[in-house]
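The values are calculated or read from the model by the stated rules, or taken from the named source; none is laboratory data. This is a predicted model, so every value here is computed, not measured. A quick note on method: Cβ atoms are made from the backbone with ideal geometry, for glycine too, and the neighbour counts reach across all protein chains shown. Note: accessible area is taken over every heavy atom of the protein model, side chains too, but ligands, DNA and RNA are not part of it. Shrake-Rupley method; radii C 1.70, N 1.55, O 1.52, S 1.80 Å.
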Amino acid sequence: MCRGLSFSHTWAVFQIELLSSGPSLSSESQSNAADKRLLDSLRQGLATEFPNPERIGCPGNALVKGIAQGKVPLIEAEPWLDHLGSCSPCFREFTEFRRQAATQRRRVLTLVATAAVLLFAVGGWLLVRARRSAEATDTAVLDLRERSVARGQTSSETGHAPLEIPRTAKHLVLDLPIASKEGPYDVGLLTETGDQILSTTGMAQLHDHITDLQVDVDLRSVRPGAYSLGVRQPSLEWTRYPILVF
């Protein structure tokens, strides 16, 4: 096959091989089935029709590899193009080096793509985790269901440990004492002398047999320490619960 292949044909093939190792070969030429069959035929001829068993005049393995990988400037490679276009062993080496370079590029691209996907996934997970952590820090849940006391009194005599709330909290969810009514409630932070240093309101609702009261708070200006959490329906007296702000 391709016996007696002319130098003009083999030179054309070599130029195509050289160009195809870089980005200059158009995708349209690569996708043309007829051109591909012709090119494959010419490649096979060039790889076998110019034997050089004694490797006379060959540029050496390193230079062929550099040309195939595009690491040798064209001005330095040009003096060797005539030889590479008329020496089947050198052409086979060139083709093999180009194949290896293409395989390596694919591996690098695969690794880069995999790393990008992993970074995206880990970044997304960290973002979700950070958001959940921030939400958990922003919201304090206080269970008052077992702390029922008479209005106007405190729960200090019940033996319960004080409630705790961080100064970073922006939202309070209060599980009100059993049998608490739905409707509007006032919530206040009270000092030992009864001074009200924080006031907010919310609407209590019954969910799964639990009366929940959700209110927004701003504790940034509150000093850490012991206080009373006051909860009441409008116009009624405070029910107080010892609380530590930290």
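Structure data summary
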item	result
Condition broken by K65, with the remaining ones in (1) touching a Leu at 6+ places or on another chain (Cβ under 9 Å); (2) open to solvent by 50 Å² or more (accessible area, probe 1.4 Å) satisfied	(1)
Count - residues of the range 68-81 that are open to solvent by 10 Å² or more (accessible area, probe 1.4 Å) and touching a residue at least 12 places away in the same chain (Cβ under 8 Å)	4
Selection within the range 139-167 - farther than 18 Å from G230 by Cβ and modelled with pLDDT under 85	E146, G159, A161
Strands (runs of 3 or more DSSP E) wholly inside the range 169-246 containing at least 1 residues that are polar (S, T, N, Q)	196-207, 210-216, 225-232, 239-245
Selection count, the range 38-66, where residues are at pLDDT 85 or above, of a type in the set (A, V, I, L, M, F, W, C) and closer than 24 Å to T103 by Cα	3
